[in-house]
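Visitor: Dropping a structure here in structure tokens format, bear with me for questions.
The values are calculated or read from the model by the stated rules, or taken from the named source; none is laboratory data. Small disclaimer: the values here were computed from a predicted structure and weren't measured. Heads up, the Cβs are rebuilt from the backbone with ideal geometry, glycines too, and the neighbour counts pull from every protein chain shown.
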Amino acid sequence: MNSSLSYRHDNDSPDGHAGPIKLLLDLVIRLNEVFVKARELNEILNAVLAGTTSGDGLGFNRAFLFLVDREKQVLQGRFGLGPHSAEDAGRIWSEIDRCQVGLFQILDGIRDQLLDESHPMNVLARSITISLDDEENILVRSLARNQAYIVTPEAREGTIESREMCEQFGTNEFAVAPLYSHGEEYGVVVADYLYTGKPITYDHLYCLHLFSGLASIALCQSKMCRTLEDRMEELKSVNRAVEEQKNLLIETEKFSAIGKMLDRLLHEMRNPLSAIGGISRLLRRREDDENKLAYLDAIIKEADKIEETLLHLAELQDSGPMSWELVDLTSLVDLMALMVKSDLEELGVALHQNYTPDEILVRADRERLKQAVLYIIKNSLEAMPDGGILVIAISRKGSDVELRISDSGLGIARGHFKKVDNPFFTTKLNSLGLGLSKAKQIVEAHNGVLALSTNRIGGTTCSITLPRVINSQ
């Protein structure tokens with residue numbers, strides 16, 4: 001059935017005054033549930049238009065909705081409902097009489113039309129925009145004074161004259177009622193009997209005003225619900241932030257305890273370990289027995305491993321204030337690549353460098369930034385024990401510079417990306433996993449961002465984004 005089948009004419013009831021009032025009471029009962037349950041604005045607007053034009057409702061031929069646009073300070077025509085010609089009206093009413101369409105069927109039928117911007121009634125409505133400052137305009141006056149009016153081209157008793165608005169709607173008479181509730185202006189409803197030519201009486205106007213008041217309450221409720229939902233979402237966001245801060249506090253306290261433990265551990269282990277290593281090397285120089293030399297070599301090797309681990313643990317501690325200077329990132333990365341050249345050859349890793357030799361300056365602590373880049377490169381090499389490809393790329397990104405270090409190694413599971421903050425997280429055996437955590441700490445101290453992702457060559461890409469010094473003068 002055509003979605004326009006919602007519009008039909010309605011004859012006066014035999015008892016005159018009781019007819020429109022009875023229709024209004026019936027309409028209120030029918031639409032009350034719709035208004036109460038409506039959460040979306042379009043659901044309420046559907047009901048307003050259907051209630052104004054349907055035979056089960058107020059029975060106007062056409063209805064238009066104008067809504068307040070506070071940002072533009074205008075009263076903007078939004079939707080229109082009703083036949084767009086006399087022929088269309090006759091066809092629609094005949095089909096309604098034949099099909100006995102009810103109000104709730106109408107509500108379902110007009111949903112698509114309401115959103116159809118090309119429908120002639122919507123086109124007409126949206127062609128009309130009125131400044132809220134135009135106090136002489138009858139629609140603005142109706143809204144500002146919270147009053148309903150009958151409008152005609154020429155003034156007569158009980159009507160307001162506005163030839164211009166009648167011509168815009170293409171009618172000789174229309175009624176306008178405000179959508180206003182609790183001091184909030186929402187818009188106006190305009191309705192007429194264009195095709196039946198029936199005069200608009202005070203009863204019709206009274207009923208339209210009461211109905212628009214009921215619709216205004218529904219609009220107010222909808223706005224309150226949306227506001228409440230927004231507040232609830234804000235509270236959820238705040239709760240999430242509080243939870244994150246709580247977790248961060250727990251992590252900070254945990255790492256603080258770990259830091260104290262490291263201080264004690266370093267202090268207690270360094271001297272005995274140095275003694276073990278030194279004595280073992282001394283004994284090795286004096287020993288000729290091959291069996292004993294093998295034992296001493298094992299002791300020296302394991303002592304060196306422990307010393308290296310202690311060195312990494314010491315690097316987790318604060319290294320003091322930053323020493324800032326302008327650093328050419330391209331040269332720094334080239335130097336770090338040169339430092340691991342022997343490791344690349346030993347592991348059978350092919351190095352590809354993808355950046356221009358142009359100077360790219362960043363404000364940095366040179367030694368710490370070198371340390372971070374070296375950590376990341378070594379982490380990539382550890383992921384390729386059987387050889388592979390290492391790609392180092394530098395590119396400008398607006399006012400930033402991005403350094404990307406990619407490997408074809410074993411990769412990191414997607415769920416592990418966020419664990420780079422944990423200095424003791426690692427997927428490698430016999431490793432504490434301190435490198436990436438320290439690198440991230442250094443990068444963030446430079447107001448940068450470190451991120452991990454999978455890449456097309458099967459491994460992991462570590463991206464460092466740093467603010468670029470565009471003009472060093």
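Visitor: Pull up region 199-209, narrow it to residues that are in a helix (DSSP H, G or I) and of a type outside the set (D, E, K, R), then point me to the one that is farthest from the chain's Cα centre (by Cα).
Guide: TYR202
Visitor: Scanning region 338-370 for residues that are at pLDDT 90 or above and among the small types (Gly, Ala, Ser), which turns out nearest to ILE442 (Cα to Cα)?
Guide: Within region 338-370, the match that is nearest to ILE442 (Cα to Cα) is ALA364.
Visitor: Suppose the filter is surrounded by fewer than 13 Cβ atoms within 10 Å (Cβ to Cβ), at pLDDT 85 or above, part of a helix (DSSP H, G or I) and of a type in the set (Ser, Thr, Tyr); does SER323 pass it?
Guide: When the stated conditions are applied, SER323 does not pass them.
Visitor: Say whether the condition of being assigned by TED's automatic domain parsing to the domain that holds ILE200, under 23 Å from THR201 (Cβ atoms), of a type in the set (A, V, I, L, M) and at pLDDT 90 or above is met by at least one residue in region 106-127.
Guide: So far as region 106-127 goes, no, none of its residues is assigned by TED's automatic domain parsing to the domain that holds ILE200, under 23 Å from THR201 (Cβ atoms), of a type in the set (A, V, I, L, M) and at pLDDT 90 or above.
Visitor: Moving to a separate point now. Go through region 162-221 and give me each residue that's among the aromatic types (Phe, Trp, Tyr) and closer than 21 Å to ILE130 by Cβ.
Guide: Selection gives PHE169, PHE174, TYR180, TYR186.
Visitor: State all residues of region 46-80 that are at pLDDT below 70, farther than 19 Å from TYR195 by Cα and of a type outside the set (Gly, Ala, Ser); if no residue qualifies, say none.
Guide: ASN46
Visitor: Please work out which residue is surrounded by the fewest Cβ atoms within 10 Å (Cβ to Cβ), limiting yourself to region 159-182 and to residues that are free of Cβ contacts under 8 Å to residues at least 40 places away in the same chain and among the hydrophobic types (A, V, I, L, M, F, W, C).
Guide: ILE160
Visitor: Go through region 346-388 and count every residue that is crowded, with 16+ Cβ neighbours inside 10 Å and assigned to a loop (DSSP other than H, G, I, E, B).
Guide: 5
Visitor: Do we find that SER212 is within 27 Å of LEU67 (Cβ to Cβ), outside any loop (DSSP other than H, G, I, E, B), in contact with a Ser or Thr (Cβ under 7 Å, 6 or more places away or on another chain) and not aliphatic (A, V, I, L, M) in this structure?
Guide: no
Visitor: Let me confirm something: among ARG226, ARG284, which residue is modelled with pLDDT of 75 or more and either closer than 30 Å to ILE138 by Cβ or basic (Lys, Arg) (or both)?
Guide: ARG284
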